[in-house]
Amino acid sequence: MYFESHAHYDSEQFDGDRYELIEQLKKSGIDYIINIGSDIKSSEVSVELSKKYDFVYAAVGIHPHEAQNVSDEDYDKLINFLKEDKTVAVGEIGLDYHYDFSPRDIQRQVFKKQLKICENVTKPVIIHSREASQECFDIIKDSGIRKGVIHAFSGSVEMAEEYIKMGFFIGVGGIVTFKNARKLIEVVENIPLERILIETDSPYLSPVPVRGTRNNSQNLKYIVEKIAQIKQILPEKVAEITRKNSISLFDIK
C-alpha cells in the first residue's frame, strides 16, 4: 500500500530490533522502502539491507554534516555502491546551514562533486536542504540533474513549483502534521499530488499523534491521512498515487 521514500534503518536507534521491525513492516502494508545513506558506513548498510530484503532499496551518499570527512577513496566507494542492482539513488546530499557541522565551502564542494557522480550514473538524487534554500536550488539548476526529490521540503510554494518545473518531486513527511506546518500545508495544497512523495525520515520527525517517539514506516498512514485532508480526497488515493510516483522516480521494476 505505502512506498516509504526516505528512512534510516541503519541508524543506531534500530540496533535492538532492526530486523524484527523490518519484517513487521513488510507484513503491515509497507510495499517498498528506500533506505538512505548519509556517509560511507550507512551507505554500505543500506546496500546490505537491500540485498537482505526484497522490498528494501538503497540510496548512497554523503550528508552535508559529514562533508568535511570525505576522501577521494570515499567517492570511489560511492561509485561502486551505485553499481549494485538495488541501489536506486544518490543521497542524501545537499547543504545544511542550520547546524554547519561542516564548513560551508566544503559542503558546496562535496555537494557539487556528488551531483556530478549522479549525472554520470543517471540515477535520481535525494536532496537535503536546510536554511540554504536558494543556494541549494541554484547549485542544482546549474548542474545537469533534472530527476530527484527534495527531502523534507521546507521552502515556499514558489520554490516547490520551480523544482517541479525542473523535474523534481517534493518529499512530504511528518512535519505536515505539526501545528506550525502552515507553510508546508500551503505547498501540499498548491502542487499536484503527482509530484509528491511520502516519507518518514525514520527514526526522526515522527508525525502527530506519535510525535516524540521513535519513528518508523508504519507512521506513513498519518502523513497520508493529513495529505488527504488537505487535498480533500481519500487516503487510499494518496497512497496509490505517491506509490506510483516513487516507483517511477526510482525506476523500480
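The values are calculated or read from the model by the stated rules, or taken from the named source; none is laboratory data. Just so it is clear, the structure is predicted and the values come from calculations on it, not from any experiment. Neighbour counts are summed over all protein chains in view; Cβ atoms, including those assigned to glycine, are modelled from backbone coordinates with ideal geometry.
Pull up the stretch 73-109, narrow it to residues that are in contact with a Gly (Cβ under 8 Å, 6 or more places away or on another chain) and of a type in the set (A, V, I, L, M), then point me to the one that is surrounded by the most Cβ atoms within 10 Å (Cβ to Cβ). Per the criteria, the residue is 93. The residue pairs whose first member lies in the stretch 6-27 and is farther than 23 Å from residue 92 by Cβ, whose second member is in a loop (DSSP other than H, G, I, E, B), and whose beta carbons are closer than 8 Å, counting only pairs six or more residues apart or on different chains, are 26/53; 26/55.
Listed here are the residues, each with its yes/no results for (1) over 16 Å from residue 7 (Cβ atoms); (2) buried (at least 23 other Cβ atoms within 10 Å of the Cβ).
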{"position": "159", "(1), (2)": "yes, no"}
{"position": "174", "(1), (2)": "no, yes"}
{"position": "177", "(1), (2)": "yes, yes"}
{"position": "184", "(1), (2)": "yes, yes"}
{"position": "199", "(1), (2)": "no, yes"}
{"position": "205", "(1), (2)": "no, no"}
{"position": "211", "(1), (2)": "yes, no"}
{"position": "214", "(1), (2)": "no, no"}
{"position": "227", "(1), (2)": "yes, yes"}
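If you take the residues in the stretch 133-157 that are hydrophobic (A, V, I, L, M, F, W, C) and under 27 Å from residue 211 (Cβ atoms), which one is surrounded by the most Cβ atoms within 10 Å (Cβ to Cβ)? Within the stretch 133-157, the match that is surrounded by the most Cβ atoms within 10 Å (Cβ to Cβ) is 149. May I ask you to verify whether residue 50 is modelled with pLDDT of 95 or more, farther than 30 Å from residue 138 by Cα and small (Gly, Ala, Ser)? Here the answer is yes, as residue 50 does meet what is asked. Assessment of the stretch 53-68 against the conditions (at pLDDT 95 or above, farther than 30 Å from residue 2 by Cβ and not hydroxyl-bearing (Ser, Thr, Tyr)) yields at least one matching residue. Taking every residue in the stretch 152-167 that is in contact (Cβ under 8 Å) with a residue 12 or more places away in the chain and pairing it with any residue that is of a type in the set (Phe, Trp, Tyr) and in a loop (DSSP other than H, G, I, E, B), at least 6 positions away or on another chain, the pairs with Cβ-Cβ distances below 8 Å are 160/153.
For the stretch 59-73, a residue qualifies if it is farther than 20 Å from residue 123 by Cα and part of a helix (DSSP H, G or I), and the qualifying residues are 65, 66, 67, 68, 69, 72, 73. Could you identify the single residue in 117, 150, 145 that is more than 24 Å from residue 204 (Cβ to Cβ) and touching a strand residue (DSSP E or B) at 6+ places or on another chain (Cβ under 6 Å)? None of the other options fit; the residue is 145.
Here's the yes/no breakdown for (1) surrounded by fewer than 19 Cβ atoms within 10 Å (Cβ to Cβ); (2) in contact with a Lys or Arg (Cβ under 7 Å, 6 or more places away or on another chain); (3) closer than 22 Å to residue 151 by Cα:
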{"residue": "6", "(1), (2), (3)": "no, no, yes"}
{"residue": "15", "(1), (2), (3)": "yes, no, no"}
{"residue": "46", "(1), (2), (3)": "no, no, yes"}
{"residue": "52", "(1), (2), (3)": "yes, no, no"}
{"residue": "55", "(1), (2), (3)": "yes, yes, yes"}
{"residue": "67", "(1), (2), (3)": "no, no, yes"}
{"residue": "71", "(1), (2), (3)": "yes, no, no"}
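For the stretch 93-102, indicate whether the set of residues that are under 17 Å from the mean Cα position of the chain (by Cα), closer than 19 Å to residue 121 by Cα and not aliphatic (A, V, I, L, M) is non-empty. Break it down into steps so the answer makes sense when it comes.
Step one: of the stretch 93-102, the residues under 17 Å from the mean Cα position of the chain (by Cα) are 93-96.
Narrowing further to those that are closer than 19 Å to residue 121 by Cα: 93-94.
Checking which are not aliphatic (A, V, I, L, M) leaves us with 94.
Looking for residues that are under 17 Å from the mean Cα position of the chain (by Cα), closer than 19 Å to residue 121 by Cα and not aliphatic (A, V, I, L, M), one finds at least one in the stretch 93-102, hence yes.
Could you check, for the stretch 194-202, whether at least one of its residues is closer than 28 Å to residue 15 by Cα, under 16 Å from the mean Cα position of the chain (by Cα), among the hydroxyl-bearing types (Ser, Thr, Tyr) and at pLDDT 95 or above? Quick ask: steps written out before the conclusion?
Step one: list which residues in the stretch 194-202 are closer than 28 Å to residue 15 by Cα, which gives 197-202.
So of that shortlist, the ones also under 16 Å from the mean Cα position of the chain (by Cα) come out as 197-202.
Now drop any that are not among the hydroxyl-bearing types (Ser, Thr, Tyr), which leaves 200, 202.
After this cut, where a residue has to be at pLDDT 95 or above as well, the list is 200, 202.
Yes, because at least one residue in the stretch 194-202 is closer than 28 Å to residue 15 by Cα, under 16 Å from the mean Cα position of the chain (by Cα), among the hydroxyl-bearing types (Ser, Thr, Tyr) and at pLDDT 95 or above.
Residue pairs whose Cβ atoms lie under 8 Å apart, sitting 6 or more positions apart in sequence or on different chains, and linking a residue in the stretch 191-207 that is closer than 17 Å to residue 157 by Cα to a partner that is of a type in the set (D, E, K, R) and at pLDDT 95 or above, are 191/161; 193/231; 193/237. Within the stretch 117-129, the set of residues being within 15 Å of residue 64 (Cβ to Cβ) and touching a Cys at 6+ places or on another chain (Cβ under 9 Å) comprises 125, 127, 128, 129.
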